[in-house]
Amino acid sequence: MRNDNLPVWEVFVQPKTGAHFQHCGSVHATDKEMALQNARELYTRRQEGSCIWVVKAEDIVSSNPNDSESFFDPADDKVYRYPTFFKVSKKVKGL
Amino acid sequence: MEDRKERAFQDKIDAELKIEPKDWMPEKYRRHLIRQISQHAHSEIIGMQPEGNWITRAPSLRAKMVLIAKVQDEAGHGLYLYSATETLGITRNELITQLQTGKAKYSNIFNYPTLTWADVGAIGWLVDGAAIVNQQSLRRTSYGPYSRAMIRICKEESFHHRQGYEIMSKMALGTTEQQEMAQDALDRWWWPSLMMFGPHDSDSAHTSNAMQWKIKRETNDDLRQVFVDRAVKQAELIGLTIPDSELKWNPKNKNYDFGKIDWNEFWEVVNGNGFCNKERINNHVKAHEEGKWVRDAAIAYTEKNKNGARA
Ligand SMILES: [Fe+2]
Ligand SMILES: [Fe+2]
């Protein structure tokens with residue numbers, strides 16, 4: 001009945017300097033500045049963050065969890081990517 | 001095919017894995033979540049009104065600042081929950097329309113009026129107190145975005161709970177007139193607070209699926225009992241009396257037995273015959289319509305910039 005659905009922006013907050021950014025929800029806004037303001041007001045009322053990213057939801061590309069097997073399988077048989085794959089004598093230090 | 005998917009879905013839930021927005025889910029699960037989470041969101045938003053009613057009349061600047069922050073938090077809770085609901089493929093406008101046309105419900109408790117300042121205390125102490133019991137349980141709900149919203153909300157609720165109890169204690173330990181006000185507020189808010197947990201498990205239409213899908217983690221009656229046991233001791237400490245002559249300690253179950261809830265009153269209010277049903281929705285519609293020019297202007301401004309007209 002109304003057509004004033006404002007675009008959805010996903011919000012990512014970095015809890016403190018040096019930490020990974022974490023997704024924490026979404027806001028509605030017409031532009032970047034408004035998205036950032038709304039995110040600040042909504043997700044960091046108690047200093048939960050040192051920096052915020054906002055990204056238009058439609059610009060995010062996601063893998064499909066229903067295909068996650070075939071998508072992530074290629075990593076399955078590459079055990080040599082882990083240090084435990086290599087046998088090292090106990091005498092060797094610092095390796 | 002659908003059967004196999006449904007079994008895999010249930011296995012995942014049984015293994016305590018969260019369901020995420022893009023995961024396959026039964027249509028009934030999706031619909032149940034949309035109903036429950038949006039009802040929860042609407043409650044946070046409508047719940048701003050009874051307390052907002054007292055912001056201009058708060059008895060001190062301190063009380064006023066605290067109440068504004070509390071009400072703003074409730075707006076935030078509403079928005080976290082709308083955000084979670086929207087991950088299920090419904091738009092904000094559809095949700096708002098459902099609320100305004102009465103298709104979606106909100107917690108019944110907000111259809112009661114706030115007559116005195118003590119009511120603001122009673123709401124923080126009892127209504128937020130009851131909400132906390134429910135929300136703590138829902139942190140373990142099976143839908144990821146709902147669970148994460150609950151965790152965030154619970155972190156903010158204990159401030160609400162304490163500010164309410166502080167108001168009640170100050171009044172309960174104040175002048176005779178203040179004591180009477182505090183007791184009167186407790187008398188009026190006690191039973192509706194118990195009703196917040198919903199019908200008894202034996203009469204609840206939605207419990208069985210919700211438990212199997214782990215949307216709900218504990219039953220209405222179990223959660224209500226937790227609330228009663230906490231509140232009775234808190235009331236005692238500040239010398240207030242719970243308005244229930246059948247309330248008494250049950251040494252065998254190690255909890256408080258309490259009297260019969262008046263479910264007629266509950267259904268009357270649910271069906272629109274509470275004190276404030278109309279006022280709450282009318283206010284919401286009015287605020288939404290009065291904000292329309294702001295949304296229109298924001299959209300127009302973005303359009304203008306898109307067309308390269310920025311000076
Ligand atoms: Fe809340
Ligand atoms: Fe609250």
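The values are calculated or read from the model by the stated rules, or taken from the named source; none is laboratory data. Note that the structure is predicted; figures quoted are calculated from it, not measured. Cβ coordinates were reconstructed from backbone atoms using ideal geometry, including for glycine residues, and neighbour counts include every protein chain displayed. Each accessible area value is taken on the protein alone, full model and side chains, heavy atoms only, with ligands, DNA and RNA left out. Shrake-Rupley method; radii C 1.70, N 1.55, O 1.52, S 1.80 Å.
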Completion exercise
Counting only helices (runs of 4 or more DSSP H) entirely within region B:102-172, those with at least 2 residues that are of a type in the set (Gly, Ala, Ser), more than 16 Å from ligand 1 (Cβ to nearest atom) and at pLDDT 95 or above are B:117-122, B:144-172
Exercise for the section: Filter region B:51-63 down to residues that are open to solvent by less than 40 Å² (accessible area, probe 1.4 Å) and away from ligand 1 (no atom under 13 Å from the Cβ) and give me whichever is nearest to B:Lys278 (Cα to Cα). Expected result: B:Gly52
Fill in the blank from the handout: Taking region B:47-77 and the residues there that are of a type in the set (Val, Ile, Thr) and more than 13 Å from ligand 2 (Cβ to nearest atom), the one that is farthest from B:Val127 (Cα to Cα) would be B:Thr56
Fill in the blank from the handout: Across (1) within 13 Å of chain B (Cβ to nearest Cβ); (2) more than 24 Å from B:Ala84 (Cα to Cα), A:Lys16 clears everything bar (1)
Problem - Where B:Gly47 falls short, out of the listed (1) within 12 Å of another protein chain (Cβ to nearest Cβ); (2) closer than 24 Å to B:Ala131 by Cβ - result: (1)
Problem - Hits in region B:139-197 (condition: open to solvent by 10 Å² or more (accessible area, probe 1.4 Å) and among the β-branched types (Val, Ile, Thr)) - result: B:Ile151, B:Ile167, B:Thr175, B:Thr176
Practice task
Within region A:24-59, track down each residue that is open to solvent by less than 30 Å² (accessible area, probe 1.4 Å), part of a helix (DSSP H, G or I) and aliphatic (A, V, I, L, M).
Solution key: A:Ala35, A:Ala39, A:Leu42
Fill in the blank from the handout: Quick count over region B:24-47, residues being under 27 Å from the mean Cα position of the chain (by Cα) and either more than 16 Å from ligand 1 (Cβ to nearest atom) or open to solvent by 50 Å² or more (accessible area, probe 1.4 Å) (or both), is 12
Exercise for the section: Looking at (1) touching a Lys or Arg at 6+ places or on another chain (Cβ under 8 Å); (2) surrounded by 15 or more Cβ atoms within 10 Å (Cβ to Cβ), find the lone condition where B:Val66 falls short. Expected result: (1)
Exercise for the section: Could you run through region B:53-112 and say how many residues are of a type in the set (Gly, Ala, Ser) and either away from every other protein chain (no Cβ under 13 Å) or more than 23 Å from B:Tyr143 (Cα to Cα) (or both)? Expected result: 7
